[in-house]
Amino acid sequence: QRRIVVLISGRGSNLGALLEARLPLQVVAVISHKADAAGLGLAQEWGIPTRVISAEAYAERTDFDRALQQAIDGFAPDLVVLAGFMRILTPEFVTHYQGRLLNIHPSLLPAFPGLHTHRRALAEGVAVHGCTVHFVTSELDRGPIVAQGVVPVWAGDDEASLAARVLSMEHRLFPHVLRAWVESRWVLEANGHVRWRDDSQEQNLR
Ligand code: GAR
């Protein structure tokens, strides 16, 4: 079975969705930079090894990233998955995991990279919003897109209602992408684009 390491910062609801999907892969470790991340408890309930690499313990970002890399590589994963990991990673780290590092982001990239995506989507008056699973590159939230899930924006939406709608889409999208990865149904091509082997557009969970 293929092995993944999941990095989290907090709640861990995406981690929970991955575990509940009972994908044909092994989550070999869950790693957080915060000892109080709720998702660590969830991992422990599932019997998954956890590690905390505390950012405060390192003066330099590069030292933290190096420690994180060592912890990850100790588990020899095929893929590293950022599921609500709220730290920017150094180019060295990103290069080390080139083509093996996936992130989920709560917007339809390239729209709304960065933070407060739901608030900004509402402020722009967009009709559709959603989430994106993409490869991580050194350019923030700009790596190759693997799949997107689209949700409508309703007139009565506020930040909380829109965030909840996107989050439940995230909980479908990430397991879908990882199952398809195990089944080799998509590939990252040399041109930097992801190609799905079926042309059903099924990768878009709209
Ligand atoms: C998710 O909405 C995820 O897309 C977002 O953080 C949340 C984590 O929730 N990630 C980012 O904003 C990355 N920049 P979770 O801990 O419940 O999975």
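The values are calculated or read from the model by the stated rules, or taken from the named source; none is laboratory data. Keep in mind that this is a model prediction, so the values were computed, not measured. As a convention, Cβ positions derive from the backbone with ideal geometry for all residues, glycine included, and neighbour counts pool all protein chains shown. The accessibility values were calculated without ligands, DNA or RNA, using every heavy atom of the protein model including side chains. Shrake-Rupley method; radii C 1.70, N 1.55, O 1.52, S 1.80 Å.
Per residue, what volume in Å³ does the Cα convex hull of the chain take up? Write out the running numbers ahead of the final one.
On the way: hull volume 25.4 nm³, N = 206.
Hull volume over Cα atoms, normalised by residue count, gives 123 Å³.
Among the GluC sites (Glu not before Pro) within segment 32-72, which fall in a DSSP loop and have no more than 10 other Cβ atoms within 10 Å of their own Cβ?
Numbers: sites: Glu45, Glu56, Glu60; in loops: Glu60.
Qualifying residues, ordered by number: Glu60.
Comparing Cα centroids, segment 136-158 and segment 1-75 end up 23 angstrom apart.
What value does segment 109-158 have for Rg/Rh, both radii from Cα atoms and Rh as Kirkwood defines it?
1.00
The mean accessible area for residues of the chain, using a 1.4 Å probe and ignoring ligands and nucleic acids, is 49 Å² per residue. Screening the chain for DSSP H helices whose Cα atoms reach 24 Å or more along their own axis and whose mean Kyte hydropathy is at least -1.0 gives 159-182. Under a crude label model (7 Å from the Cα following the beta-carbon direction), how far is Val128 from Gln70 in nanometres? Placing both labels 7 Å beyond Cα along the Cβ direction yields 4.7 nm. Considered as an equivalent ellipsoid built on the Cα gyration tensor, segment 14-71 has semi-axes of 25, 12, 8 Å, the largest given first. DSSP finds beta bridges in segment 1-144, and of those with both partners inside it, around 20 percent are antiparallel. Solvent-accessible area assigned to carbon and sulfur over the chain amounts to 50 percent, based on a 1.4 Å probe. Annotation: for a label point projected 7 angstrom from Cα along Cα→Cβ of Val52, residues of segment 1-32 with backbone N closer than 15 Å are 8-11, 30-32.
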